[in-house]
Amino acid sequence: MPRRSTGNVSIQVLRDRLRLVWSHGGKRYFIYLGLADDPIGRRMAESKARIIEADMMTGNFDPTLKKYKEEYKVADRITVVDLFAKFMAWKEKRLYARTMDKYKACHRHIRQFFATRAAVSIGEKDVEKFRREYLVSQQPDTVKTYIGYLKACWQWAIVQDILTENPWSEVVVKVPPKQKPQPLYRDEVVKVMEAFRRHRYYGYYADFVEFLLGTGMRIGEAIGLRWCHVSEDCKRVWIGEVISRGGIRKETKTNRDRTLVMTSRLQALLQRRKAEAKGELVFPAPKGGPLDDHNFRNRAWRAVLASAGIPYRKPYITRSTMISHALAQGINPVEVAELTGHEVEILYKNYAGFIDATPKLPELWE
């Protein structure tokens with residue numbers, strides 16, 4: 001809505017929130033109301049503007065603005081814990097459940113460290129103390145992640161007119177380089193599959209694991225795969241959604257879909273499962289419904305790798321295994337990125353060691 005004036009007090013919109021602006025006694029004044037720019041917010045802003053105008057006309061104007069800010073001083077009341085909870089509620093609609101688990105862990109640490117401290121009272125000394133103390137008990141990359149969340153939380157609060165400064169904006173956490181988990185070697189892939197196929201309790205998951213290794217799909221994508229996404233002959237698979245923890249269907253991580261053409265081995269695997277399918281999911285849990293990735297990792301995956309004598313890596317290693325072997329076999333990185341739903345830049349960053357980046361002149365006479 002356009003700028004609107006109520007007598008001498010103007011109602012303005014800043015970042016979708018209302019504020020009042022006026023001049024009195026040669027001085028410019030602002031009040032950030034934190035109200036949405038909608039009919040209700042406008043009516044409340046106009047009411048506040050009339051009170052200020054009346055006070056200026058009658059000589060009762062309060063230059064400290066305390067009289068007019070009282071009901072809007074959210075920052076004076078909201079604690080760090082409550083502010084981060086509001087930020088989490090705002091982020092929840094935009095993030096996967098696995099990522100939200102990290103926010104919840106951060107929230108627990110915030111509650112322990114800041115207790116009932118008001119968000120507005122947090123300064124650079126508090127921030128530095130948080131960084132220093134948590135570097136003693138947590139890994140540097142975890143502390144860096146938590147501080148990143150807090151920095152984003154404060155920035156969000158500024159946009160919402162809850163706070164005016166961000167004490168987290170300059171803090172830096174140096175993370176030493178860490179060796180990435182080694183993808184499974186070809187012989188390890190064979191051992192893993194043999195161990196799953198013959199395992200007394202967890203053989204049920206063998207097809208699921210082979211499909212992950214063969215396609216490089218994200219685990220949530222494979223868990224959410226439905227038969228309606230598979231072509232009639234099981235040759236093509238459409239990937240456009242995932243099932244996150246809690247059984248919620250969402251778009252893929254990059255918000256893009258893709259179609260994979262199955263190898264003859266994977267096509268036969270899908271055809272066999274389709275003939276026995278009892279529901280819409282290609283890889284349901286043993287008792288039906290979506291697989292629980294936590295349960296799969298902590299019970300089946302961990303136990304089977306141990307029985308095969310293979311050093312533990314998280315199940316996500318199936319994805320990097322497929323990618324690294326594809327690149328090592330000379331498949332174009334752009335094609336691999338298309339197969340896996342990666343950004344090409346991320347692929348180069350994480351898998352550069354498997355890419356033959358030596359430029360070669362083209363052969364024009366062969």
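No value in this document is a laboratory result; all are computed from the given coordinates. All values reported here derive from a predicted model rather than from experimental measurement. All Cβ positions, glycine included, derive from the backbone under ideal geometry; neighbour counts span all protein chains shown.
Which ³J(HN,Hα) values, rounded to whole Hz and listed in residue order, are derived for the range 147-152 from phi using the Karplus coefficients 6.51, -1.76 and 1.60 in 6.51 cos²θ - 1.76 cosθ + 1.60 with θ = phi - 60°, glycine and proline given as x?
5, x, 5, 5, 4, 5
State, in angstrom, two size descriptors of the range 4-72 derived from its alpha carbons: Rg to one decimal place and Dmax to the nearest whole number.
Final numbers for Rg and Dmax: 11.3, 33 Å.
Given charges of +1 on the Cβ of Lys and Arg and -1 on the Cβ of Asp and Glu, with all other atoms neutral, how large is the dipole of the chain about its Cα centre, in debye to the nearest 20?
The calculation lands at about 980 debye.
By the gyration tensor of its Cα atoms, with a ≥ b ≥ c the square roots of the eigenvalues, what is the shape of the range 186-354: rounded for a/c under 1.5, prolate for a/b over b/c, or oblate? Provide the component values of the computation, followed by the final result.
Details: a/c = 1.45, a/b = 1.10, b/c = 1.32.
Rounded shape, in that the Cα axes give a/c under 1.5.
Assuming a ≥ b ≥ c are the square roots of the Cα gyration tensor eigenvalues, decide whether the range 136-253 counts as rounded (a/c under 1.5), prolate (otherwise, with a/b larger than b/c) or oblate. Spell out each step's value before the answer.
Working: a/c = 3.33, a/b = 1.75, b/c = 1.91.
Oblate, since a/c reaches 1.5 and b/c is not below a/b.
Work from the charge dipole of the chain (Cβ charges, +1 for Lys and Arg, -1 for Asp and Glu, about the Cα centre) and give the residue of Gln182, Gly26, Ile51 farthest towards its positive end.
Selected residue: Ile51.
Which peptide among 106-115, 317-326, 190-199 comes first, and what is the full order, when sorted by highest mean count of other Cβ atoms within 10 Å? Walk me through the intermediate numbers first.
Values: 106-115: 15.4, 317-326: 22.1, 190-199: 16.9.
Highest-to-lowest ranking by the protection proxy: 317-326, 190-199, 106-115.
On C-alpha positions alone, give me the angle between the axis of helix 124-137 and the longest principal axis of the chain, in degrees, nearest 10.
20
If you line up the long axis of helix 39-58 against the longest principal axis of the chain, both from Cα atoms, how many degrees apart are they, to the nearest 10?
20
Under the rule of at least 5 residues apart or a separate chain, name every residue whose amide H is placed under 5 Å from the amide H of Arg226.
It is Val282, by chain and number.
Where does the chain land at 222 nm, in deg cm²/dmol rounded to the nearest 500, when only DSSP H runs of n ≥ 4 count, each adding -39500 (n - 2.57), divided by all residues?
Numbers: 14 runs with 164 residues, N = 366.
Computed ellipticity for the chain at 222 nm equals -14000 deg cm²/dmol.
Report, to the nearest 10°, how far helix 206-215 tilts away from the longest principal axis of the Cα atoms in the chain, using its own Cα long axis and a range of 0 to 90°.
70
Cross-chain or 8 or more residues apart, Cα under 18 Å: how many lysine pairs in the range 186-354 fit that? Count them up, please.
Values: Lys191/Lys314; Lys235/Lys274; Lys253/Lys349; Lys274/Lys287; Lys278/Lys287.
Pairs that pass both the separation and distance tests number 5.
Return the whole-Å distance between the Cα centroid of the range 156-213 and the Cα centroid of the range 75-153.
Using only Cα atoms, the two centres lie 22 Å from each other.
Starting from the alpha-carbon convex hull of the chain, give the projected area averaged over all orientations, in nm². Please report the intermediate quantities before stating the final value.
Working: hull surface 112.8 nm².
Here the figure is 28.2 nm², rounded to one decimal.
Around Arg236, which amide H atoms from residues at least 5 apart in sequence, or from another chain, sit under 5 Å from its own amide H, with H modelled in the peptide plane?
Ser231, Met262
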